[in-house]
Structure formats: structure tokens, C-alpha cells
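Presented below is the structure to which this report refers.
The values are calculated or read from the model by the stated rules, or taken from the named source; none is laboratory data. Values in this document were obtained by computation on a predicted structure and should not be read as measured data. Here the Cβ is made from the backbone with ideal geometry for all residues, glycine too, and neighbour counts use every protein chain on show. Side chains are part of the model used for accessible areas, which takes the heavy atoms of the whole protein and leaves out ligands, DNA and RNA. Shrake-Rupley method; radii C 1.70, N 1.55, O 1.52, S 1.80 Å.
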Amino acid sequence: MQLIYEQSVNGRRGVKLPVSDVPSAAELPENLLRRESAALPEVSELDLVRHFTNLSRRNYSLDTNFYPLGSCTMKYNAKVLENAAALFAPFHPMTALLPGGVEFCQGSLGMLYDLGQMLADITGMDEVTTQPLAGAHGEMTGILLIAAYHAARGNKAKKKYVVVPDSSHGTNPASASIAGYEIITVPTASYGDMDIELFKKAMNDEVAAVMMTCPNTLGLFNPHIKEISDIAHSHDALMYYDGANLNAIMGKVKPGDVGFDVIHVNLHKTFGTPHGGGGPGAGPVGVKKELIPFLPQPRIVMNDDGQFLLEDQKAASIGRTANFFGNFSVMAKAYAYIIMLGRDGLIRVSEQAVLNANYIKERLKAYYDLPYDMTCMHECVFSASKQLEHGVHAIDVAKFLIDKGYHPPTVYFPLIVKEAIMIEPTETESKATLDAFIDVMIEAAMTAETNPQLLHDAPVTTPVGRLDETKAAREQNVCCIG
Amino acid sequence: MNDSHYCPHTPEEIQEMLSAIGVASVEELFSPIPSELRAKTFNLPPGLSEFETFDKMKSIASDNGGGMSAFVGGGFYDHIIPAAVDHLSGRAEFYTAYTPYQPECSQGTLQALFEYQTAICRLTGMGVSNASLYDGGTACAEAAMMALRITGRNKIIVDGCVNPFSRQVLKTYLYNLDVEVIEIAPLDGLLNREELAGMLDESVAAVLVQNPNFFGCVDDFTALAQQVHALDALLIASVYPISLGLLATPGEMGVDITVGDGQSLGNPLSFGGPSFGFIAAKKAHIRNMPGRIIGETVDKQGRRGFVLTLQAREQHIKRHKATSNICSNQGLCALRGLIFLSAIGRQGLVDMARMNRDKAEYAKAQLVSIPGVTALQSAATFNEFTIFLPKPADGVVAELLRKDIIAGVPLGQYYQGSENCLVVTVTEKRSRKEIDLLVKELEVAVCN
């Protein structure tokens with residue numbers, strides 16, 4: 001398909017602007033002006049609409065295809081959430097920061113406050129900030145809160161390390177590293193979780209935090225989690241909960257009850273807001289009360305009259321992690337999602353997410369190697385090691401699925417499983433969809449034995465076949481030279 | 001009875017699935033969670049229908065003050081959004097997809113982001129752009145960390161004329177690192193070049209400036225870039241994309257890393273988000289860029305296609321050695337930015353920028369005709385400018401809010417001794433009638 005720039009015609013105009021109702025201003029001095037206008041596309045509105053409509057048709061998406069991308073919780077995004085968020089489009093965030101301004105923002109501030117309260121209940125935390133703009137941003141915010149906590153106790157110099165299991169999301173060590181910590185990685189034991197004995201050896205008083213995903217990236221709930229928390233706390237290390245997998249446990253277990261001190265939640269995963277082709281998400285952070293003084297400012301508080309105010313003068317605060325109040329419209333969607341599903345609805349979400357994952361796991365384990373064969377939570381991780389005997393890799397299975405109209409599961413993650421295929425169906429998929437997907441996975445396993453070349457050649461139904469990534473990295477053509 | 005939204009199984013289907021798994025109940029699937037760890041309370045309210053949910057959201061939105069006439073910026077700007085932006089970015093194939101990890105079935109998102117990167121490069125005059133960051137403030141912080149990596153130094157100098165929120169975000173990002181952040185207090189609404197000269201030496205990784213700055217002043221950083229480069233340090237500039245319809249580009253000035261907030265490019269105000277941050281740099285710095293980058297390539301048949309490239313910089317490969325921890329970005333908002341720029345077009349952006357300046361100049365001339373009101377004269381301005389009032393700006397702004405006018409940002413809480421200063425923003429959306437009403441009401445407020 002042509003690029004929009006290749007359809008550009010000099011002098012063609014798209015959107016008509018209003019006619020100015022004020023006199024023209026005197027020209028700016030020459031050194032302040034750009035020498036040539038930016039070579040943006042010059043297309044008609046119809047050309048524009050066709051271009052982006054046709055581009056969109058080159059995507060698989062949740063609304064068009066089953067999308068069991070492990071660790072990403074690609075659940076259905078209810079349409080009413082979009083309508084609800086659009087209600088807030090006209091409100092300028094600076095209004096709340098002006099003298100006398102909060103009076104005009106009670107709806108928005110109140111919604112953020114209530115969302116924080118509901119997330120606190122779901123996660124067992126005492127207060128939530130909605131400022132962080134994505135999961136990884138929440139992680140960094142959370143680790144900075146932990147750094148501030150240690151600094152306030154005079155331990156800034158002493159606390160040097162953050163401990164992560166080797167099954168963790170890459171963002172965990174990256175966030176801790178960006179926040180100034182060195183990383184200690186603990187291997188996974190045969191029971192599918194961080195090796196408790198190795199963990200005990202790794203722990204010392206210089207550890208600032210332990211970052212865990214629970215259930216972990218193998219989809220397994222860690223039965224030692226309380227013990228791990230207790231050990232961490234005995235070294236004055238705080239427990240960080242990566243909320244990427246919260247969809248498995250709502251109403252069943254609260255991270256705050258099992259010893260976690262800081263948590264982020266991914267609203268775009270658990271709370272049904274769309275993923276947008278890579279974002280925006282939102283990563284609110286919840287903390288136990290000891291960490292409240294360090295939360296980002298401004299903090300939304302409610303006074304005795306039920307009015308929402310902004311508190312912006314806490315000396316202990318880590319400051320600001322975003323320019324305003326976070327990805328507000330994502331928050332509006334998550335808020336609408338939570339009030340719509342309600343208490344029982346959210347419990348049902350977790351139950352059926354876990355049911356669907358276990359159903360796929362049981363139905364496929366005769367065909368694919370299941371390195372950790374036990375009851376899983378919301379996702380299951382297979383290995384294509386059986387298929388590898390025929391020269392077929394996880395990526396080949398993935399590409400075969402594309403030809404059959406399925407977005408592939410996450411492959412090659414977690415890194416600890418060779419040829420990993422990580423499947424997260426979510427609760428919103430019907431049994432018929434799951435059965436059809438299982439049939440295609442079985443077909444892929446059969447084809448790996450009978451006709452592996454077919455898998456190597458896949459996909460053939462897409463606008464392009466497998467792409468030369470080496471060429472892309474070598475040539476670095478990352479923008480179209482005009 | 002299936003009473004839960006969006007969980008489609010019937011009781012019969014659930015039974016069939018439980019049998020296939022070999023358990024008696026759904027509850028049995030939660031047996032790996034030790035019973036003493038199970039939640040004891042769960043106090044959320046009961047669920048609502050879709051209709052009731054939307055009704056409640058409408059009621060919440062109506063608790064905000066609506067229909068205000070906004071002469072306020074501070075990083076977010078009330079600009080025209082062509083209808084096509086909502087409709088096209090609202091295509092479910094875009095908004096319900098995720099990160100394009102599988103390029104063959106994600107060419108829509110990948111090509112769009114390649115076109116976005118191109119638009120940002122052309123707009124800013126830089127050689128390489130990534131596929132978006134979170135917002136303007138976090139983009140400043142990422143640029144600073146990028147400069148620390150490139151230079152191996154640990155000092156950042158920040159012009160006090162940079163948006164105060166972005167400065168705070170930058171400081172928070174660097175909070176626990178062994179990095180010195182020095183702020184230079186503004187001089188007449190501009191960078192204090194003399195003070196900066198006294199601080200510039202070979203320990204400095206980068207200098208961060210903004211154009212137009214928080215006071216609305218437009219500056220030329222060409223000489224500054226040369227001065228900074230002479231010390232092998234980098235110049236980072238935060239810019240307001242709409243202003244680049246008219247103003248000299250960071251590329252023309254010799255800036256090394258350009259950042260900014262993309263909200264003004266087709267993203268609604270939405271009480272502060274989501275927008276997107278952009279970051280663009282000289283091409284030599286591509287391997288030190290944070291976040292995703294889309295690259296052009298071909299398939300076996302030679303057909304052009306696009307992929308995520310240079311992924312060895314990123315957290316999912318490099319873990320704690322990654323150039324950034326960013327994973328989810330603001331892809332859909334960046335797509336909106338691209339559609340906006342494509343709809344407005346090359347000449348359209350020039351015309352739009354000019355209209356912003358014309359309206360702001362008109363408003364400035366009217367406001368300074370009020371007795372006791374003067375304008376900061378130190379530099380040219382784009383669509384924002386600073387005026388001095390004969391009394392504290394806080395009270396004036398609060399008074400005008402009650403008349404549904406958001407008159408601007410009082411500077412008192414951001415700069416000591418600036419209690420009487422007000423930054424007024426005028427975009428192309430504000431009519432002459434609205435401007436005249438602002439002038440009338442502001443005159444009433446300052447004369448009271």
C-alpha cells in the first residue's frame with residue numbers, strides 16, 4: 001500500500017479552516033521563522049479516509065479476531081466505555097490547578113477519587129494514585145515510592161538492590177534499574193515459581209524491594225507468597241506487586257492481604273479499556289498507608305463536606321510522574337467498567353478467565369509440551385519443544401495461526417520456557433471460539449509432523465509474508481525522506 | 001442464569017468445560033491459592049446495566065463546569081479536531097489491536113506509525129523519531145536520560161522557562177539517580193544566558209529549553225546549540241507542535257533531541273489525557289532512543305512492509321539494560337496526531353499557526369489597552385503571552401472562572417514575585433467575540 005506521503009499532491013487541501021475574524025499580525029523576525037513549511041501530506045478528505053480505512057483493514061484486532069496474547073489480557077472492550085469517556089473530552093486539566101478551579105472539576109476529580117477507592121478495595125491497598133500513564137510507568141512510580149520510603153528512614157545509601165524472579169516481565173528489572181537500583185534475579189524452581197531456597201540466599205538488608213507477578217507469567221499462583229513477603233519484610237524490603245495478571249484473582253485474593261506494599265494495575269488489561277495498537281493504557285499505583293506521604297502530587301483528597309480538593313504541598317512526595325492527572329479518559333472507561341460489572345461481575349470475570357485458560361490447557365496438553373503441568377490461573381504456557389523435533393518453532397505455529405484467522409499467543413515469553421507459547425484467552429470468549437481455536441492449534445501440531453514446510457511458509461494470507469527484520473535493523477529506514 | 005456482562009458461557013457450557021478439565025467446580029480451580037490467603041471482604045457495589053452505567057457517567061460529567069471559554073494552556077491546548085480523526089482512529093481494527101508484535105497481521109498499525117515517525121521528523125526537522133512516549137513531561141525526562149547515556153555525564157541544566165510540570169516530572173524521574181539537576185531562574189521570561197554561561201562546562205550532559213516557553217516567549221537557540229556542542233554536551237528542546245507551522249524548527253537551530261506533548265495534534269483535552277509524548281533526535285543517536293521504533297523492510301517476495309526494529313534497545317529483550325522501561329506507549333494518540341496532520345495538511349498547518357498568532361496578537365493589543373495592564377516585552381510570542389496586572393492574578397482568574405471564562409495561568413505559584421503575572425493563551429478556536437468578552441470582564445475584575 002502507498003504511504004500517505006506518496007499520495008500527496010502539491011496544493012491539494014483537506015480540512016477547511018475557519019476564516020479569521022481578527023486582523024493579521026505583523027510578521028515575526030526572520031530568525032524565528034522556519035525556512036520551509038513542513039512537508040506534510042496534501043490530500044483530500046476522501047483520500048485520507050480511504051487511506052486510513054484501508055490501513056486499518058491490514059490489522060488483526062480484538063473486534064475482528066480471537067487475540068489470546070498471553071500477559072496482555074485482550075478482553076472485549078465494551079462500546080459503552082467509549083461513549084462514557086467521550087463525555088469528558090472538553091474539560092481542560094489546568095482548570096483544576098487554577099485558584100478556585102476545583103469547584104468546576106468536581107465530576108472529574110470525584111471520579112478519579114472513587115476509582116482510587118474501588119481499586120484500593122480490589123487490591124487491598126490503602127490509597128491509589130491515578131497519575132501513572134502505563135503499567136511500566138506505574139512500576140517506576142512504585143519503585144520511586146519505595147526509594148522515598150527507605151530514604152525517609154535514613155537508608156537511601158544502604159538499599160541498593162531489587163530482587164526479581166527470572167520469569168518476570170522485562171519491565172520489572174528495567175523499571176527498577178531506571179529508578180536507580182541494581183537487579184538480583186532469582187531462578188524458577190521445578191514447581192513453576194521463584195525458588196524459595198535461592199530467594200532466601202539472595203535476600204539481605206541491602207535489598208530495597210522484591211517485585212513479583214502473582215499469578216506469575218507461567219499463569220501459576222505462588223503458594224509461598226506469604227512466606228516470601230515475610231522474609232522480605234524481615235530485611236526491611238518492601239513487596240511490589242506487578243498487577244499485569246490481576247484478572248485472575250479479583251474477589252479471590254487481595255495482594256494487600258498477602259503482604260504486598262505497593263501495586264500497579266493495568267487498566268487496559270484487567271479493566272477492559274482498549275489497547276489502542278500499543279497504548280494508551282493506564283497504570284494506577286496503590287500503596288499501604290506507610291507510603292501515602294510519598295505519593296505523587298497533586299493528590300486528590302475529599303474534605304468533610306464531600307468536596308474534592310487537590311493537595312500539592314507534601315514535602316515527602318516523590319513529585320510528579322505525569323503533567324496532569326494521568327490518562328484520564330482511560331480512567332473514565334475503567335470506572336464505567338467497574339461500576340457496570342460490580343462486585344459479582346468482577347468475581348465472575350476472574351472465575352471464567354481461569355476456567356477458559358484451564359480448558360485450553362487440558363485440551364491441548366496432549367499435543368504440546370506443558371512444562372509446568374498443574375492448575376493454572378488466567379493463562380497457560382506451552383512449549384513447542386515437541387514440534388521442534390520436526391524443525392518447527394513456536395514462531396512457525398504462530399504464523400500458521402495467522403493464516404487461520406487467529407492472532408497468535410505470546411511466543412518466546414516467559415524467557416525461562418524454551419519455545420514458549422503463552423495463551424491467555426480471557427473471560428469474554430465463548431466456548432465455541434475456544435473450541436475452534438483449540439482445533440486449529442491441534443491442526444498446527446499435526447501439520448508440524450506431516451508437512452512442516454507449510455508452517456515455515458506461513459503466513460500466506462496476509463498482505464505481506466514474513467519480513468526481513470535484519471534488513472530493517474541494518475538499514476534503519478525509520479522515516480520517509482521527502 | 002448468566003447475569004454477568006461479557007462472560008458468555010451458559011451453565012451447561014460451564015459444566016462441559018469443567019468435565020473436560022476434570023474438576024467438579026470453578027471454585028476448585030482456585031485451590032492453588034492457600035485458603036488462609038483468600039479475600040475476606042469485597043465491598044464493591046452491585047453491577048449496573050449499560051444504560052444505567054452511561055447515565056451515571058453523564059451525571060458525573062455534569063458535575064464539571066461546562067461551556068467554559070478557555071484562554072488557558074500550560075501544555076494542553078484547545079484546538080480544532082477534524083471529524084475524520086475520531087472516525088478513523090475509532091476504527092476497531094486500530095483501537096482494539098495491541099502492540100504490533102506479529103507484523104504480518106499488524107501492517108495497519110505499523111505503517112501508520114512509520115508515517116507518524118515521518119510526520120514528526122518533517123515537523124521538527126530531526127532525523128529520527130520513535131513511535132511515541134507517554135506525554136510531554138515524561139518525554140523531557142526520557143530525553144534527559146538519553147543525554148546521560150550518550151555523554152556518560154551526570155549533570156542536566158534546565159531552563160526555568162520550561163513548563164513547571166515537565167520540570168517536576170524530570171526531577172521525579174531522576175530522583176533516585178546520582179544526577180545533578182540545576183535549574184536556572186528565568187530573566188524577563190527568557191533563558192538567563194549569562195547565568196547559564198557561568199555553569200556550562202564539560203561535566204554537563206545536556207541543557208533543556210522550551211520553545212515557545214512557559215511565558216509564551218519565542219526564542220532562537222541556534223547560538224546556544226553551538227555553545228553547548230563546543231563542550232560535547234547536548235541541547236534538548238521541548239516544542240509545541242502547532243507552533244512549528246510558523247516557527248523555526250529545532251532541527252534548523254541545531255538541537256540534538258526534540259520532545260513535546262502531542263495533545264494539540266488531534267487529541268481532546270479530556271481532563272489531561274491521554275495525549276502522547278514525542279521524541280525525535282539526530283539520526284546518530286538512534287540506538288540510544290527509548291521506546292518502539294518502526295522500520296521499513298521487505299518480505300521474501302520483495303513487498304514493502306514495516307516491523308518493530310532495533311528491539312535490542314528495549315526492556316522485553318534487554319531487561320535491566322534497556323534504554324527505557326517503556327512498554328505500552330500512546331500509540332492510538334500518535335495515530336490521531338498523524339491523521340490530524342494529514343487532514344490539516346502542509347499549508348493548513350501554516351494557516352492554523354498563523355491564525356493562532358493573529359488571534360493572540362489581537363487579544364494582547366486589546367488587553368494592554370486596559371489601564372494598568374502591560375505585556376511582557378522581552379520577546380516575540382506565538383499564541384501565548386504574559387501580561388502584568390495591577391493586582392494579583394489569582395483573584396482575577398478566580399473571579400472570571402465564575403463568569404465561565406478561564407482567563408489564563410497565574411504565574412505566582414510557579415515563579416516567586418510573579419503574583420501579578422498572567423499567561424493568556426488564544427487558539428484558533430477562540431472567536432473575536434470571546435476575546436472581546438475576556439477583555440471586558442478582565443477590565444471589570446482589575447478595576448474593582
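Being within 30 Å of B:C105 (Cβ to Cβ), more than 8 Å from every other protein chain (Cβ to nearest Cβ) and open to solvent by less than 30 Å² (accessible area, probe 1.4 Å) is true for just one of B:T381, B:T309, B:T323, B:T386. Which residue is that? Walk me through how you get there before you give the answer.
Details: B:T381 fails: within 30 Å of B:C105 (Cβ to Cβ); B:T309 fails: more than 8 Å from every other protein chain (Cβ to nearest Cβ); B:T386 fails: within 30 Å of B:C105 (Cβ to Cβ).
Of B:T381, B:T309, B:T323, B:T386, the one residue that is within 30 Å of B:C105 (Cβ to Cβ), more than 8 Å from every other protein chain (Cβ to nearest Cβ) and open to solvent by less than 30 Å² (accessible area, probe 1.4 Å) is B:T323.
Of all residues in segment B:65-104, those being in contact (Cβ under 8 Å) with a residue 60 or more places away in the chain and under 30 Å from B:T425 (Cα atoms) number 21. Taking segment A:260-316 as the range and being more than 25 Å from the chain's Cα centre (by Cα), among the hydrophobic types (A, V, I, L, M, F, W, C) and within 14 Å of chain B (Cβ to nearest Cβ) as the test, the residues that pass are A:M302, A:F308, A:L310, A:A315, A:A316. Tallying residues that are in a loop (DSSP other than H, G, I, E, B) and either among the basic types (K, R) or modelled with pLDDT under 90 (or both) within segment B:286-321 yields 4.
The combined condition, being on the phi > 0 side of the Ramachandran plot and of a type in the set (S, T, N, Q), is fulfilled by B:S270.
If the condition is being outside any helix (DSSP H, G or I) and open to solvent by 90 Å² or more (accessible area, probe 1.4 Å), then segment A:462-481 contributes only A:I481. Entry remark, segment A:96-137: residues being in a loop (DSSP other than H, G, I, E, B), surrounded by fewer than 19 Cβ atoms within 10 Å (Cβ to Cβ) and of a type outside the set (G, A, S) number 2 in total.
Within segment B:96-131, the only residue that satisfies the criterion of being among the hydroxyl-bearing types (S, T, Y), more than 28 Å from B:M352 (Cα to Cα) and not in a loop (DSSP other than H, G, I, E, B) is B:S106.
A single entry from B:L231, B:L247, B:L332 fulfils the requirement of being more than 28 Å from A:A472 (Cα to Cα), buried (at least 24 other Cβ atoms within 10 Å of the Cβ) and in the same structural domain as B:P164 (by TED's automatic domain parsing): B:L247. For first residues located in segment B:300-316 and without any contact (Cβ under 8 Å) to a residue 12 or more places away in the chain, partners that are assigned to a loop (DSSP other than H, G, I, E, B) and buried (at least 21 other Cβ atoms within 10 Å of the Cβ) and lie 6+ apart or on another chain with Cβ distances below 6 Å form the pairs B:R303/A:V464; B:H316/A:G170.
Is at least one residue of segment B:279-301 of a type in the set (D, E, K, R) and more than 21 Å from A:A472 (Cβ to Cβ)? No, the conditions are met nowhere in segment B:279-301.
With B:S19, B:S25 as the choices, which residue is over 25 Å from A:G272 (Cα atoms), in a helix (DSSP H, G or I), more than 35 Å from the chain's Cα centre (by Cα) and more than 7 Å from chain A (Cβ to nearest Cβ)? Can you show your working first?
Working: B:S25 fails: in a helix (DSSP H, G or I).
On inspection, the qualifying residue turns out to be B:S19.
Each row is one residue, and each column tells you yes or no for (1) among the β-branched types (V, I, T); (2) over 20 Å from B:L224 (Cβ atoms).
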{"position": "B:L247", "(1), (2)": "no, no"}
{"position": "B:I257", "(1), (2)": "yes, no"}
{"position": "B:G262", "(1), (2)": "no, yes"}
{"position": "B:I279", "(1), (2)": "yes, no"}
{"position": "B:I286", "(1), (2)": "yes, yes"}
{"position": "B:I293", "(1), (2)": "yes, yes"}
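Looking only at segment A:51-63, which residues are out of contact with any helix residue (DSSP H, G or I) (no Cβ under 6 Å at 6 or more places or on another chain) and either without any contact (Cβ under 8 Å) to a residue 12 or more places away in the chain or assigned to a loop (DSSP other than H, G, I, E, B) (or both)? Let's see the steps before the verdict.
We begin by selecting, within segment A:51-63, every residue out of contact with any helix residue (DSSP H, G or I) (no Cβ under 6 Å at 6 or more places or on another chain); these are A:53-54, A:57, A:62.
Selection gives A:T53, A:R57, A:L62.
Here is a list: B:D78, B:D86. Which entry is open to solvent by 10 Å² or more (accessible area, probe 1.4 Å), within 7 Å of chain A (Cβ to nearest Cβ), modelled with pLDDT of 95 or more and within 30 Å of B:L438 (Cβ to Cβ)? Explain how you work it out, then say what you get.
On the way: B:D86 fails: within 7 Å of chain A (Cβ to nearest Cβ).
Matching residue, one of B:D78, B:D86: B:D78.
From the residues in segment A:156-177 that are part of a loop (DSSP other than H, G, I, E, B) and open to solvent by less than 30 Å² (accessible area, probe 1.4 Å), which one is nearest to the other protein chains (Cβ to nearest Cβ)? Please lay out each step first, then the result.
Of all residues in segment A:156-177, those part of a loop (DSSP other than H, G, I, E, B) come to A:156-160, A:166-170.
From what's left, open to solvent by less than 30 Å² (accessible area, probe 1.4 Å): A:159, A:167-170.
Values: A:K159: 10, A:S167: 12, A:S168: 8, A:H169: 8, A:G170: 4 Å.
Per the stated criteria, the residue is A:G170.
The set of residues in segment B:322-334 that are over 12 Å from B:N130 (Cα atoms) and outside any loop (DSSP other than H, G, I, E, B) comprises B:L332, B:C333. Restricted to segment A:364-385, and to residues there that are of a type in the set (A, V, I, L, M) and outside any loop (DSSP other than H, G, I, E, B), the residue that is surrounded by the fewest Cβ atoms within 10 Å (Cβ to Cβ) is A:L364.
Scanning segment A:182-189 finds one or more residues that are farther than 21 Å from A:L267 by Cα, open to solvent by 10 Å² or more (accessible area, probe 1.4 Å), touching a Lys or Arg at 6+ places or on another chain (Cβ under 6 Å) and assigned to a strand (DSSP E or B).
Quick grid of which residues meet (1) open to solvent by 60 Å² or more (accessible area, probe 1.4 Å); (2) at the interface with another protein chain (Cβ under 7 Å from one of its Cβ atoms); (3) aliphatic (A, V, I, L, M):
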site	(1), (2), (3)
A:R13	yes, yes, no
A:K16	yes, no, no
A:A26	yes, no, yes
A:E30	yes, no, no
A:E36	yes, no, no
A:A39	no, yes, yes
A:V43	no, yes, yes
A:L48	no, yes, yes
A:Y76	yes, yes, no
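Filtering B:K364, B:K403, B:K440, B:K433 for residues that are assigned to a loop (DSSP other than H, G, I, E, B) and modelled with pLDDT of 95 or more leaves a single hit, B:K403.
Are any residues in segment A:78-95 facing chain B (nearest Cβ under 7 Å), assigned to a helix (DSSP H, G or I) and of a type in the set (A, V, I, L, M), and if so, which ones? Steps first, please.
In the first step, residues of segment A:78-95 are kept if they are facing chain B (nearest Cβ under 7 Å); the result is A:78, A:80, A:83-84, A:87-95.
This time we only want the ones that are assigned to a helix (DSSP H, G or I), so: A:80, A:83-84, A:94-95.
If the condition is that a residue be facing chain B (nearest Cβ under 7 Å), assigned to a helix (DSSP H, G or I) and of a type in the set (A, V, I, L, M), then A:V80, A:A84, A:M94 are the ones that fit.
For segment B:39-70, the set of residues classified as open to solvent by 60 Å² or more (accessible area, probe 1.4 Å), of a type outside the set (S, T, Y) and farther than 30 Å from B:V409 by Cβ consists of B:K40, B:N43, B:P45, B:P46, B:E50, B:F51, B:E52, B:D55, B:K56, listed by residue number.
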